[in-house]
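Encoded as C-alpha cells, the structure appears first; notes follow it.
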Amino acid sequence: MRILLIEDSRHLQHSVSTALRKSGYAVDVSGDGAEGLWYADSNQYDAIILDLMLPGMDGLTLLRRLRAQGRETHVLILTARDTVADRVRGLQAGADDYLIKPFALEELLARVQALCRRGYGRKSQRLRIGDLEIDLTARTVTRAGAAIDLTAREYRLLEYLMLRRGEVVSRSEIEEHIYSESADPLSNVVDSAICTLRRKITPHGKLPLIATKRGLGYVLDAPSK
Amino acid sequence: MKSIQMRLMVGLLGSSLLILGIGAAVIHLAMRALLFREFDATLRAKAMALAAATDVKNGGIEFDLADELLLEFSRPHSKEYFQLWDSNARTLARSASLGTKDLARLSDATESPRFWNVKLPDGRPGRAVGFQFTPEVSGPTEQSPSVAAPNTDVTLVVACSLRDVTHPLEALSNALLLAAAIVLVGMIIIVRLVVSRGLVPLAAVADHAAHIDASSLGRRFDTESLPIELLPIGRRLNDLLARLERSFERERRFTADAAHELRTPIAELRSLAEVALKWPEGNETTTQSFREVLEITQKMESIAAGLLTLARCEAGKQTVNRETIVVRDLVNEVWRPLAGEARRRQLQATFDLPADARLLTDRGLFGLLLANLFSNAVEYTRVGGEVRIRGERHDGQFRLSVANTVDGFGPDDLPHLFERFWRKDASRPSSEHAGLGLALAKALAELLGMKIGAELVQRDTLIFSMDAALAG
C-alpha cells in the first residue's frame, strides 16, 4: 500500500511518515501543495493524507484539481480547521474522510487502512484464499490454522496480492504500491520479495498460491485442483 | 416604595385628594358665609320691624305689629324669640314662644346691632341679634311713671333657630362628599390608566434588556423611538453593550485563535510521542525526537506570548514605559539576530537612518514592533531579494519604512495584512510562522501612538511605514 502525505509541518511529516512506514506502508511526503499535486498525479497511491493550509496551493484547491483530472484516489483531510462548515467544504470538494488535529495516531492509521481497503471494494476484516487467511486488523497470517511470521513489507505485499486476488499484478504495480520513491526500479527487489513470500506461505506439502505469469507479473489465487 | 407606577399613583391621587378637599372647604365656607349674611339680614329686618313697632303706650309696651309678624313670635313652639329689657335689665316684654324662659341679655348693647350665636331655650343652636333703641311714646306719657322711664333706652334681643342655615349647609356637605367620592374613583381609574400608558416605553426598555445575553450583545436600544427621559439611559446602555460586545468579541477571538493555532503544534507533539512510544528507537533517534519536542514547544511558547501581548494591547492593559531612544541603535540591535537568516536567504539589506533621530517611546515594545516587521520582511522576501530600512524626518515627525520585494502578493491582499493569523498561503514559506507578527505590530503601534500602514509599489515591493513624533 502506498500513501502520499501532503503536510507542511515537518514535525508531522516526520512522525506520521514514520508511523506509516513502521506499519508497512510505502510513503511519499510533500510539504507543498503544487508539488503534492504533481506527486498525486504521477503515481498510483492507495490513499492521500492532505493538510489544508499549504504553501504553494491550498489543500482544497489541490483536491478539486485532482478530482477534476478524474483521479479517484481516496483522500483523508488532516487539518486544524474544525468547524462543521470546514468539514462540509472538505467533503464536498471530494474528500473521503476528515480528521482534525490533534489526532490519535491509532485512529489515523485505522482510517488510512479502511480507505486502502475500500479502494479494493473490501469491507471485511478477514480475507481467505483456500486455507490461507489474513486478518487485516491484527495483521496476522495463518495457513491451515498455523501462524506464519512475516515482516511488515512481506505482509503488505501479501495483503496487496490478496486484495487483488485472481488478477495479474505487474511488477511495476507492486513497486508503486509497496515501495517508496527511494526504491531502485531497476533492482529485482520485487522478484526476491515474491520469492521469500512464496516460500514462507507454502509450508512443506502445501500447494503454492502465487503463480508467475511470465512477462506480465504475478497472480495470487486458490490452487486449482 | 419600589414601583414607579405605585409611587406616581399615590402621589397623583394624594395631591388631587388634597386639591379636592381644599376646593370643597372653600365652597363650603363661602356658602356658609353667604347663608349667614342673608340670615343675619333677615334677622335684623325682623328685629328692626319689631323695634319700629314697639310703642310705649299707657306706661306699658305695645307692639304695633302686623299680625302675621307677631304671630311668629307668639306661638308657644315657634322658632323665633324676642325679649325686651329696660336699662335696668328688667324684662319689659318677651315673645310667647319663650314662655317663662329668658334669652341672654346683651349687657353692653349699642345702637348698632350685634349678632352672635346662642343656644335657644329648646336647646337647639340659634342666632341672636341685639341692639339698643328708644321706643316711640304714644298716648299720655305723664300718667305712666310706674312701668318704665318712658324715654330711656330699651334693649331688644331677637333670636332665631339656625335651621335655615344648617340644613342647606349639611346638604351642601353631603353633595360635596358625594362629588369628591365620584371624582376620586374616576381619578383612580384614569390615573392608573395614564400612568401605566406612560410607563409603556420603560416596560419596553426593560423587556428589551431582559432579552440581551452574551449571545445577543449585537442588539441595541432604538434611541429613535425612546422618550427623551429614557434617551440618556438608552444611549448609556448602547455604549455599554458596544463595549461589552467588543470585549466579548476580543475574548472569543483570542480563545478561538489560540485553540486553532495550538492545534497543529499539539498534533505534532502528540504524534511524535505516540511514534516514539510505539516504535522505540535507539539513543540517536530519541535525542532527535527531544530536539523536535523542544522546537515545537518554543513555537507554542511564541504563539502564546504573541497572543497574550496582543490581547493585552487590545484590552489596554499593556503598560508603556517611555524613554528617549536612538532609532538607529535600536534598529541595529533588533536586526542582529535576524542577520543570519537574511544571509541564508541571500537577502540584500540596506539601512538608511539618520544617526541622531530620537523617539520618546517604550524601548521593549518598540523593539518588539520592529522585530515583527523585520522578521516578516526577512521571511517573506523572495530568496535573493531586497530589504530596505529607511528613516526620514519631516515637520517634527519621523517616518520609518521597511520595504521588501515579494512574490504573489496583490493589492487585494493589503487589507488583510494586519489581520491575525492571516497568511497569504501561496507566499507562505513554512508553518513555522504563526501569522501573528503583523497583527501584533499594528496593535503595538497603536499602543505607542504611532501610525502604521502598508502599500504595494511597482507590483512587487511591499512597504510598511510608521509615523511617530520625534523626541525633543
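What follows draws every value from the coordinates through simple rules; no lab data is involved. Model, not experiment: these values are computed from the prediction. Quick reminder, even Gly has a Cβ in these numbers, built from the backbone with ideal geometry, and neighbours come from all protein chains shown.
With contacts taken as Cα pairs under 8 Å and at least 6 residues apart, chain B reaches a relative contact order of 10 percent.
Calculated over segment B:145-292, the projected area of the Cα convex hull averaged across directions stands at 25.9 nm².
How would you order A:137-147, A:56-66 from highest to lowest mean count of nearby Cβ atoms within 10 Å? Each step should come with its number before you reach the end.
Numbers: A:137-147: 12.9, A:56-66: 19.8.
Highest-to-lowest ranking by the protection proxy: A:56-66, A:137-147.
On average, how many beta carbons from a partner chain sit within 10 Å of the beta carbon of a residue in B:167-179?
On the way: counts 0, 0, 0, 0, 0, 0, 0, 0, 0, 0, 0, 0, 0.
Per-residue shielding by partner chains comes out at 0.
Computed over the alpha carbons of segment B:301-402, Rg followed by Dmax gives 14.8, 41 Å. With semi-axes defined as the square roots of five times the eigenvalues of the C-alpha gyration tensor, the equivalent ellipsoid of segment B:85-224 measures 79, 15, 11 Å, largest first. For segment A:126-220, the relative contact order works out to 26 percent when only alpha carbon pairs closer than 8 Å and six or more residues apart are counted.
Could you rank the peptides A:4-14, B:460-470 by their average count of other C-beta atoms within 10 Å per residue, with the highest value first?
On the way: A:4-14: 23.1, B:460-470: 18.0.
With the highest mean Cβ count within 10 Å placed first, the list reads A:4-14, B:460-470.
Counted over segment A:2-118 with a bin width of 5 Å, the fraction of Cα pairs per bin, in whole percents, is 2, 13, 26, 28, 21, 9, 1.
Each of the GluC sites (Glu not before Pro) that DSSP puts in a loop and that has at most 15 other Cβ atoms within 10 Å breaks chain B; the longest unbroken stretch is B:282-418.
Helix B:363-380 and the long axis of chain B differ in direction by around 50°, with both axes built from C-alpha atoms. Straight Cα distances below 30 angstrom link residue A:206 to the lysines A:123, A:225, with same-chain residues fewer than 8 positions distant left out. Look at the stretch A:93-105: the mean tally of other chain Cβ atoms within 10 Å of its residues' Cβ atoms is 3. Seen against the Cα atoms of chain B and their longest principal axis, helix B:4-52 is set at about 20 degrees.
Stokes-Einstein at 20 °C, 1.002 mPa s, Kirkwood radius from Cα pairs: D for chain A in µm² s⁻¹?
Numbers: Rh = 18.4 Å.
Approximately 116 µm²/s, per Stokes-Einstein.
In a DSSP loop and with at most 14 other Cβ atoms within 10 Å, there are no GluC sites (Glu not before Pro) in segment A:79-164. Comparing A:55, A:203, A:102 in a Gaussian network model of chain A (Cα springs below 10 Å), the most mobile by mean-square fluctuation is A:102.
Cross-link check: pairs B:317/B:451; A:101/B:317; A:101/B:442; B:299/B:451 evaluated at a Cα-Cα cut-off of 27 Å; pairs beyond the cut-off: A:101/B:317; A:101/B:442; B:299/B:451. Taking 16 Å as the straight-line reach from the Cα of residue B:101, the aspartates and glutamates in range (excluding those fewer than 8 positions away in the same chain) are B:80, B:122.
Evaluate peptide A:57-63: per residue, the Cβ atoms of other protein chains within 10 Å of its Cβ; return the mean as an integer.
Whole-number average of other-chain Cβ neighbours for A:57-63 is 1.
Straight-line reach only, C-alpha to C-alpha below 17 angstrom: list the lysines that residue B:46 could link to, leaving out same-chain residues fewer than 8 apart. Output for residue B:46: B:79. The shape of chain B can be summarised by an equivalent ellipsoid whose semi-axes, obtained from the alpha carbon gyration tensor, come to 120, 26, 17 Å from longest to shortest.
With Rg and the Kirkwood Rh both taken from Cα atoms, where does Rg over Rh land for the protein assembly as shown? Ratio value, two decimals: 1.56. The angle between the Cα long axis of helix B:231-278 and the longest principal axis of the Cα atoms of chain B comes to about 30 degrees, rounded to the nearest 10.
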